[in-house]
1. Taking GLU86 as meeting all but one of (1) more than 30 Å from GLY61 (Cα to Cα); (2) within 16 Å of the chain's Cα centre (by Cα); (3) surrounded by fewer than 12 Cβ atoms within 10 Å (Cβ to Cβ); (4) not hydrophobic (A, V, I, L, M, F, W, C), write down the number of the exception.
2. Do any residues in region 89-107 that are farther than 15 Å from LEU117 by Cα have Cβ atoms under 8 Å from those of residues that are outside any loop (DSSP other than H, G, I, E, B) and open to solvent by 70 Å² or more (accessible area, probe 1.4 Å), where the two are at least six apart or on different chains, and which pairs are they?
3. Would you check which residues across region 66-88 are free of Cβ contacts under 8 Å to residues at least 40 places away in the same chain and under 16 Å from ARG129 (Cα atoms) and list them?
4. List every residue pair whose Cβ atoms lie under 8 Å apart, where the two residues are 6 or more positions apart in sequence or sit on different chains, the first residue falls within region 115-141 and is more than 30 Å from LEU28 (Cβ to Cβ) and hydroxyl-bearing (Ser, Thr, Tyr), and the second residue, located anywhere, is open to solvent by 50 Å² or more (accessible area, probe 1.4 Å) and outside any helix (DSSP H, G or I).
5. Of the numbered conditions (1) under 15 Å from the mean Cα position of the chain (by Cα); (2) more than 27 Å from THR141 (Cβ to Cβ), GLU39 satisfies every one except a single condition; which is it?
6. Pick out, from region 27-141, the helices (runs of 4 or more DSSP H) lying fully within it that include 2 or more residues that are of a type in the set (Ser, Thr, Tyr).
7. Which condition number in (1) under 18 Å from GLU39 (Cβ atoms); (2) open to solvent by 80 Å² or more (accessible area, probe 1.4 Å) is the one that ASP62 fails?
8. What number of residues within region 42-59 are loosely packed, with under 14 Cβ neighbours inside 10 Å and within 15 Å of ILE127 (Cα to Cα)?
Amino acid sequence: SSSATPSTTTATTEATVLGGLTKNDVTLLFGNIEDICEENDKLLWDLERRFENWNSCSTIGDIFVKNLGNFQLYGNYNAGYSDAAEIFNKRKKAPEFSSFVEAQQLLLADQSNLDFLSLLIMPIQRIPRYRMLLIECLKYT
């Protein structure tokens, strides 16, 4: 009589949660993107309120200073990007993940023609864009 121990089968297979990815894969791929989106929404909200009441004495620098601590989130995301790219490159040949990525790109086709890795790097590119925006604003003040 042979009996397999339950741990031998469960230890080697981790449940998939999204497009054939494990929960750990999803965490590595997307990092703290939800936190970044939440803080970015707050920054946008602050900027929109300022622009609604804009006058010749209005500024935006104080809004960026107020949100400065949140920019560390981008550094944390950046620190995990190479792991995300590695996971993507390992998984992209798997049919379930490949189909998932293609479906997501079709959903976004009217908004962007960027591939998956290009979309993943966008949060990293945001901080230099903020810097360029502020430099440009300084030219007109």
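The values are calculated or read from the model by the stated rules, or taken from the named source; none is laboratory data. Only a predicted model underlies this, so the values are computations on that prediction, with no experimental measurement involved. Backbone-built Cβ (ideal geometry, glycine too); neighbour counts: all protein chains shown. Remember, those area values only see protein heavy atoms, side chains included, never the ligands or the DNA or RNA. Shrake-Rupley method; radii C 1.70, N 1.55, O 1.52, S 1.80 Å.
1. GLU86 satisfies all of (1) more than 30 Å from GLY61 (Cα to Cα); (2) within 16 Å of the chain's Cα centre (by Cα); (3) surrounded by fewer than 12 Cβ atoms within 10 Å (Cβ to Cβ); (4) not hydrophobic (A, V, I, L, M, F, W, C) except (3).
2. GLU96/THR16
3. ASN67, LEU68, ASN70, GLN72, GLY75
4. Once the first residue is more than 30 Å from LEU28 (Cβ to Cβ) and hydroxyl-bearing (Ser, Thr, Tyr) and sits in region 115-141, its partners that are open to solvent by 50 Å² or more (accessible area, probe 1.4 Å) and outside any helix (DSSP H, G or I) give THR141/THR59.
5. It is condition (2) that GLU39 fails.
6. 72-91, 95-107, 116-139
7. Going through the list (1) under 18 Å from GLU39 (Cβ atoms); (2) open to solvent by 80 Å² or more (accessible area, probe 1.4 Å), ASP62 breaks only (2).
8. Qualifying residue count, region 42-59: 1.
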